[in-house]
Amino acid sequence: MKSYAAELMGTFWLVLGGCGSAVLAAAFPDVGIGLLGVALAFGLTVLTMAYAIGHISGCHLNPAVTVGLFAGGRFPASKVLPYIAAQVIGGVLAGGVLYVIASGQAGFDVAAGFASNGYGEHSPGGYSLTAALVCEVVMTAFFLFVIMGATDERAPAGFAPIAIGLCLTLIHLISIPVTNTSVNPARSTGVALFVGDWAVSQLWLFWVAPIVGGIIGALAYRAVASKD
């Protein structure tokens with residue numbers, strides 16, 4: 001139960017920190033942090049939580065990571081669904097806290113997006129469904145590849161959180177214009193439920209693509225790093 005609680009709290013921090021930076025600070029008058037700041041915020045949430053709870057739960061914070069690590073032979077099947085449930089609950093709770101904070105500002109309109117992921121007319125750059133699908137699959141695949149490599153017993157000890165956090169930052173720098181960057185179904189669900197409407201109807205892609213990408217990335221690393 002401690003590992004499930006750690007995953008819930010860690011995912012809460014990821015969604016509150018990452019999506020919170022996008023909703024509250026990205027375009028703040030005169031001193032907005034912009035795309036670079038949001039990308040860095042997501043990376044920092046993973047970096048900080050990896051050091052805080054990595055030794056408790058492994059710090060997945062992401063259903064695609066959990067499924068990918070299972071596919072890569074690094075995680076037991078019996079814990080997959082409980083981990084995913086904890087991550088989604090943490091993400092939704094964070095979305096609720098963020099909604100309470102953001103709605104305290106006059107003129108707040110959740111329909112403006114609330115850091116939700118989307119494609120087509122709901123893509124920040126107007127990218128198509130196909131572009132969004134390919135982007136999310138590829139980005140998540142490389143995220144898992146880096147996670148598997150950084151946490152390999154042969155990798156330098158103690159540096160995995162840095163590599164993983166920087167990888168997530170890079171992923172956001174690449175893909176925020178395409179989908180607002182998911183690579184994490186729990187992150188997408190945590191804010192989409194408060195937007196409803198289009199964000200929920202497009203949510204399927206941000207479950208399917210990251211999970212498929214996670215499996216591909218984990219299997220690719222397993223093949224490349226085989227000791228045989």
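The values are calculated or read from the model by the stated rules, or taken from the named source; none is laboratory data. If you're wondering where the values come from, they're calculated on a predicted model, not measured in any experiment. Heads up, the Cβs are rebuilt from the backbone with ideal geometry, glycines too, and the neighbour counts pull from every protein chain shown. What goes into the accessible areas is simple: the full protein's heavy atoms, side chains included, and nothing from ligands, DNA or RNA. Shrake-Rupley method; radii C 1.70, N 1.55, O 1.52, S 1.80 Å.
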Out of all the residues in region 103-116, is one or more more than 28 Å from residue 201 (Cα to Cα) and either among the aromatic types (Phe, Trp, Tyr) or modelled with pLDDT of 95 or more (or both)?
no
Of (1) over 16 Å from residue 189 (Cβ atoms); (2) part of a helix (DSSP H, G or I); (3) at pLDDT 95 or above, residue 127 satisfies all except one. Which?
(2)
Of everything in region 56-112, what is among the basic types (Lys, Arg) and not in a helix (DSSP H, G or I)? Give them in sequence order.
74
Which members of region 71-84 meet the condition of being touching a residue at least 40 places away in the same chain (Cβ under 8 Å) and open to solvent by 20 Å² or more (accessible area, probe 1.4 Å)?
71, 73, 74, 79, 82, 84
How many of the residues making up region 44-97 are aliphatic (A, V, I, L, M) and over 19 Å from residue 167 (Cα atoms)?
14
If you go through region 136-157 one residue at a time, how many are open to solvent by less than 50 Å² (accessible area, probe 1.4 Å) and not in a helix (DSSP H, G or I)?
2
Which ranges mark the helices (runs of 4 or more DSSP H) fully within region 173-228 that have 1 or more residues being of a type outside the set (Gly, Ala, Ser) and buried (at least 22 other Cβ atoms within 10 Å of the Cβ)?
185-195, 205-224
I'd like to know if region 98-116 contains one or more residues that are aromatic (Phe, Trp, Tyr), open to solvent by less than 50 Å² (accessible area, probe 1.4 Å) and over 16 Å from residue 15 (Cβ atoms).
no
In region 6-14, is there at least one residue being among the aromatic types (Phe, Trp, Tyr), open to solvent by 60 Å² or more (accessible area, probe 1.4 Å) and in a helix (DSSP H, G or I)?
yes
For the structure I just gave you, tell me whether residue 160 is open to solvent by less than 40 Å² (accessible area, probe 1.4 Å), farther than 21 Å from residue 212 by Cα and among the aliphatic types (A, V, I, L, M).
yes
Could you please find all residues in region 32-55 being open to solvent by 20 Å² or more (accessible area, probe 1.4 Å) and either in a loop (DSSP other than H, G, I, E, B) or in contact with a Leu (Cβ under 6 Å, 6 or more places away or on another chain) (or both)?
32, 33
The one condition in (1) open to solvent by 10 Å² or more (accessible area, probe 1.4 Å); (2) touching a residue at least 40 places away in the same chain (Cβ under 8 Å); (3) under 22 Å from residue 14 (Cβ atoms); (4) outside any loop (DSSP other than H, G, I, E, B) that residue 133 fails to fulfil
(3)
Out of region 117-130, which residues are surrounded by fewer than 20 Cβ atoms within 10 Å (Cβ to Cβ) and of a type in the set (Gly, Ala, Ser)?
120, 125, 126, 128
Out of curiosity, is residue 190 under 17 Å from residue 66 (Cβ atoms) and among the small types (Gly, Ala, Ser)?
yes
Need pairs with beta-carbon distance below 9 Å; first residue on the phi > 0 side of the Ramachandran plot and within region 193-213, second open to solvent by less than 40 Å² (accessible area, probe 1.4 Å); sequence gap 6+ or separate chains.
196/110
